[in-house]
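Visitor: The structure follows.
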Amino acid sequence: MFSWVVFITIPVLTVAFLSGRFTAKYAAEKGRSTRAWFLWGALFFPLFPVQWMVLGLLPKK
């Protein structure tokens, strides 16, 4: 049972981290806070395209 938890958790956390990282980099290009957008990207990684659309609609700071 524990091996299945680890087997499922590691890829999910990896994808969440990568999603947060890419969202934070895009937010930095727009002049936004990288920490806040990293958290949004990591927490809501299944909605990855929505985050990019929101950042795309926000004006540059």
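Just so it is clear, none of the values below were taken in a lab; they were calculated from the coordinates. Keep in mind the model is a prediction, meaning the values are calculated, not measured. Backbone-built Cβ (ideal geometry, glycine too); neighbour counts: all protein chains shown.
Visitor: Restricting the search to the stretch 44-56, which residues are assigned to a helix (DSSP H, G or I) and not β-branched (V, I, T)?
Guide: Across the stretch 44-56, the qualifying residues are F45, P46, L47, F48, P49, Q51, W52, M53, L55, G56.
Visitor: Which of the following residues is surrounded by 10 or more Cβ atoms within 10 Å (Cβ to Cβ), aliphatic (A, V, I, L, M) and touching a Lys or Arg at 6+ places or on another chain (Cβ under 7 Å): L47, L55?
Guide: L55
Visitor: Related question: Within the stretch 1-43, take every residue that is in contact (Cβ under 8 Å) with a residue 24 or more places away in the chain and outside any helix (DSSP H, G or I) and give me the one that is surrounded by the fewest Cβ atoms within 10 Å (Cβ to Cβ).
Guide: By that ranking, first place goes to G31.
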